[in-house]
Structures are given as structure tokens and as C-alpha cells.
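The block underneath contains the structure these notes are about, expressed in C-alpha cells.
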Ligand code: C2E
Ligand code: MG
Ligand code: MG
């Protein structure tokens, strides 16, 4: 399996700060984010996902990277919330979509790319235009693009977001519920939404197959996904035991450090062209 790391490990920014310092820190990062957007300061890493039965790579998730000039690589878990609060996420998300589609257009079909989209992009009504533009510029087949929406967005879903999801479905892009299993989505809600993939959160995968409760929950999630006609992907697979359990219970696909960390654009393209 590929083990080529695209970047050194992420470095946390500051472990303990007072709330006041926190606010100053956020303002500083917001300023730096603005500059990075203006000066091409982001890159994408791609984590491959695999068909578990054959370990064939079938696509990749685009993960945004921000190599900060003074602080090194900053985790998206830290800067995405700041980008969301400041509204910068719309510009950043548009860039991620265009860049991810451009890269994926160079991969052999049908390898597809998954792009994380923020709740703010959905709620601000910018997503359809961003997706249409990214597809037009790259000439990528819409079926090779999947948008990942985190499950927590669905807790408080409004009619406009429902319409946006339906319109994206009409364009032909895939829709994945990310981090599924931690957000208490009602099955009634799930049934009404045009999702195509369920991504089981890695917190459910972590203690497989030892933890009997997590094992039972994962089996139920797979059964629900199958009943609703969704494909299922397990996130954060780190051990062969987790992989074997997931194959045994009918999970189709997965991603995680067992197979590969996130790779640079060059390395991921080679991953799809290498003979099996
Ligand atoms: P996510 O969408 O659930 O992405 C998966 C995260 O899990 C990635 O962290 C990935 O590196 C990590 N991961 C993958 N396999 C394993 C594993 O086997 N073990 C462990 N412990 N971790 C694994 P990353 O790149 O730090 O991204 C964190 C989150 O930041 C993402 O979670 C996503 O919610 C958000 N994010 C990343 N890129 C974007 C983006 O372009 N737009 C938006 N809106 N959010 C993004
Ligand atoms: Mg994701
Ligand atoms: Mg996830």
C-alpha cells in the first residue's frame, strides 16, 4: 500500500490560551486566512478510498491543507471553524471545489473525488453555482464528484438546504453524509434526503471488533444504509482486524491509515494509474 506522506504531521497551534487570547488568536488567524486566500496559500491532499473486497482504489477525499508561513501546517479542525465564522469559507470552499475537480479530471475514469462542504456554503446559497462552475471549468463528469456534508448539519435542516440538496442531486453529483453515527439523525430525515453514500464516523470504527456495542451499531448502520439504497464507507480504518470485520459485515468501501495517509496531488494520480 502507498505510504507516501504529502506533508509532515499537523502541528497544533496553541494548547492552552485564555478566552481573550483565544479571540486575539482567532482574529490573527482570520487575517492570515484572508492573506492566504489572496496569495494562493492553500493546497489539497487526497486520501484514497478503496473497495474493501479487492483493495482497489476507487476515488479520493480532498482535504485542504494550510502551510502557515510561521506556524507550519495548521489543522483544518482549527481553521475551518474560523473560516466559517468569518464567512471566508465560501471563497475557500469554492477554491477547494475548483482545484479538486481540476485534479480529478486528470485521473482515469471512473475514479472520483469527494469534497467536504461546510454548512455555511449550503446555507448561504452559494454551493450550486460553485459546483456548476467547478464542473464546467474542469469538464469533470458530475458523477465523479461527491460532496460530503457532515451529519450534524442535518440536525437543523431548513427548506432552502433541502432544495439545494435536491438541485445538486439533479445535477448528478453524489452526496455523502460525513461522520455518520455521532449526530442523531432521525431515520425519517434520512429517508427524505437525496444522499447516495453513508460515511461511518471513525469513532465507531476505532474499537472494532472488540467492542460489542460498537460492532452492533456498525452492523445496524450498514443495514440501514443498504435498506435505503446508500453505499457505505467506513472512515479511519487503522488495523487489519477492523478491515476484516467490516468486510464480513458487508461494508463496501473504506479509507484510513491502514491503506494510506493523505497524499499529494502527484502521488494520488499515480495511485490510480498503477497496475493492481
Ligand atoms: P473528515 O472529512 O472526516 O476527514 C477525515 C479526517 O480524518 C482527515 O483529517 C484525515 O486525515 C483523518 N483520517 C483519515 N484516516 C484516518 C485514520 O485512519 N485515523 C485517524 N486517526 N484519522 C484519519 P484532516 O485532514 O485533519 O481533516 C479534518 C476535518 O477537517 C475533516 O474531517 C473535515 O471535516 C474538515 N475538512 C478538511 N478539508 C476540508 C475542506 O476542504 N472543506 C471543509 N469544509 N472541511 C474540510
Ligand atoms: Mg470528510
Ligand atoms: Mg469524516
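The values are calculated or read from the model by the stated rules, or taken from the named source; none is laboratory data. On a predicted model such as this, the values are computed, not experimentally measured, just so you know. Glycine gets a Cβ as well: all are built from the backbone with ideal geometry, and neighbour counts include every protein chain shown.
Residues in segment 59-81 that are more than 18 Å from the chain's Cα centre (by Cα) and either assigned to a strand (DSSP E or B) or under 15 Å from residue 118 (Cβ atoms) (or both) were compared, and the one that is nearest to ligand 3 (Cβ to nearest atom) is 73.
The set of residues in segment 237-276 being surrounded by 19 or more Cβ atoms within 10 Å (Cβ to Cβ) and closer than 13 Å to residue 204 by Cβ consists of 237, 242, 245, 246, 251, 254, 256. Residue 120 meets each of the listed conditions (1) more than 24 Å from residue 82 (Cβ to Cβ); (2) within 18 Å of the chain's Cα centre (by Cα); (3) more than 14 Å from ligand 2 (Cβ to nearest atom) apart from (1). Under the condition of being assigned to a helix (DSSP H, G or I) and either crowded, with 22+ Cβ neighbours inside 10 Å or more than 16 Å from ligand 3 (Cβ to nearest atom) (or both), the residues counted in segment 85-123 number 22.
Restricting attention to segment 143-183, the residues being within 16 Å of ligand 3 (Cβ to nearest atom), at positive phi and not in a strand (DSSP E or B) number 1. Residue 61 - would you say it is buried (at least 20 other Cβ atoms within 10 Å of the Cβ) and either within 14 Å of ligand 1 (Cβ to nearest atom) or touching a residue at least 40 places away in the same chain (Cβ under 8 Å) (or both)? Yes; evaluated as a whole, the condition is true for this residue. When residue 136 is tested against (1) in contact with a helix residue (DSSP H, G or I) (Cβ under 8 Å, 6 or more places away or on another chain); (2) more than 16 Å from ligand 3 (Cβ to nearest atom); (3) in a helix (DSSP H, G or I), exactly one condition is not met: (1).
Scan segment 244-268 for residues that are closer than 15 Å to residue 219 by Cα, in contact with a strand residue (DSSP E or B) (Cβ under 7 Å, 6 or more places away or on another chain) and away from ligand 2 (no atom under 16 Å from the Cβ) and the total you get is 3.
Filtering segment 195-214 to residues that are more than 25 Å from residue 167 (Cα to Cα) and either within 16 Å of ligand 2 (Cβ to nearest atom) or in contact with a helix residue (DSSP H, G or I) (Cβ under 6 Å, 6 or more places away or on another chain) (or both) leaves 201, 202, 203, 204, 205, 207, 208, 209, 214.
Okay, residues lined up against (1) under 16 Å from residue 116 (Cβ atoms); (2) in contact with a strand residue (DSSP E or B) (Cβ under 8 Å, 6 or more places away or on another chain):
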{"site": "155", "(1), (2)": "no, no"}
{"site": "159", "(1), (2)": "no, no"}
{"site": "165", "(1), (2)": "yes, yes"}
{"site": "171", "(1), (2)": "no, no"}
{"site": "175", "(1), (2)": "yes, yes"}
{"site": "181", "(1), (2)": "no, yes"}
{"site": "191", "(1), (2)": "no, no"}
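When 144, 98 are checked against the criterion of being within 20 Å of residue 231 (Cα to Cα), touching a helix residue (DSSP H, G or I) at 6+ places or on another chain (Cβ under 9 Å), modelled with pLDDT of 95 or more and more than 16 Å from ligand 2 (Cβ to nearest atom), 144 stands alone in meeting it. Against the list (1) in contact with a helix residue (DSSP H, G or I) (Cβ under 9 Å, 6 or more places away or on another chain); (2) more than 16 Å from ligand 2 (Cβ to nearest atom); (3) in contact (Cβ under 8 Å) with a residue 12 or more places away in the chain, the condition residue 234 fails is (2).
Annotation: of all residues in segment 147-156 being modelled with pLDDT under 90 and in contact with a helix residue (DSSP H, G or I) (Cβ under 7 Å, 6 or more places away or on another chain), the one that is farthest from ligand 2 (Cβ to nearest atom) is 154. The numbered conditions (1) more than 16 Å from ligand 3 (Cβ to nearest atom); (2) surrounded by fewer than 16 Cβ atoms within 10 Å (Cβ to Cβ); (3) over 22 Å from residue 130 (Cβ atoms) are all true for residue 35 except (3).
Out of all the residues in segment 217-236, is one or more at positive phi, within 15 Å of ligand 1 (Cβ to nearest atom), touching a strand residue (DSSP E or B) at 6+ places or on another chain (Cβ under 9 Å) and assigned to a strand (DSSP E or B)?
Pass one, segment 217-236, residues at positive phi: 229, 236.
Then drop every residue that is not within 15 Å of ligand 1 (Cβ to nearest atom), which leaves 236.
Retained after the next criterion (residues that are touching a strand residue (DSSP E or B) at 6+ places or on another chain (Cβ under 9 Å)): 236.
Of the ones still in play, those that are also assigned to a strand (DSSP E or B) are none.
Checking segment 217-236: not a single residue is at positive phi, within 15 Å of ligand 1 (Cβ to nearest atom), touching a strand residue (DSSP E or B) at 6+ places or on another chain (Cβ under 9 Å) and assigned to a strand (DSSP E or B).
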